[in-house]
């Protein structure tokens, strides 16, 4: 659970960072601490064989890198429609970073695996996703990049209401007739018809 909570906080912070850098930097730091806590619990407290100090440092560093890779991937996918240009960069970068971090974190895997056939396949996947998402981002009808997200800017209804409020008042000569005169005319008509109430 700590793994998923930490990755979720990081993914939200990575995507929304341009909207409020100070706020989302704090959220990213909290997400990193949660993810690292999950790593410590899983790799050191619950593990049957605790790694040596050099290996422990590598596991912690790789876990930190993995948290950002997963955050970039999941955040870029979730908010691609809100931030198409940013999402087109985050998704392939998240794929690459997550793969590298996962290889380094696995004790039974060698770092040379990054440059093997599997690493080449991941690199090609990241390249295809980058160019594909860039094409989709450029073809989207709304050019509103990062401003299209619900965290900033007014809605169309608010804009219309604002424009309506700025319209000048109607001239005094066009004001409707007093209500009392209309009521008097209506009452007189009823009396002439013999239907007075």
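All of the numbers you see were taken from the coordinates with simple rules; none came from a lab. Bear in mind that the values here come from a model prediction, so they are computed numbers and not experimental data. Quick reminder, even Gly has a Cβ in these numbers, built from the backbone with ideal geometry, and neighbours come from all protein chains shown.
Worth a mention:
- Kirkwood hydrodynamic radius computed over the stretch 2-141 comes to 15.8 Å, based on all pairs of distinct alpha carbons.
- Mean Cβ neighbour count within 10 Å, used as a protection proxy, ranking 97-103, 28-34, 8-14 highest first: 8-14, 97-103, 28-34
- Judged by the mean number of other Cβ atoms found within 10 Å, the most tightly packed of the peptides 112-120, 15-23 leads the ranking 15-23, 112-120.
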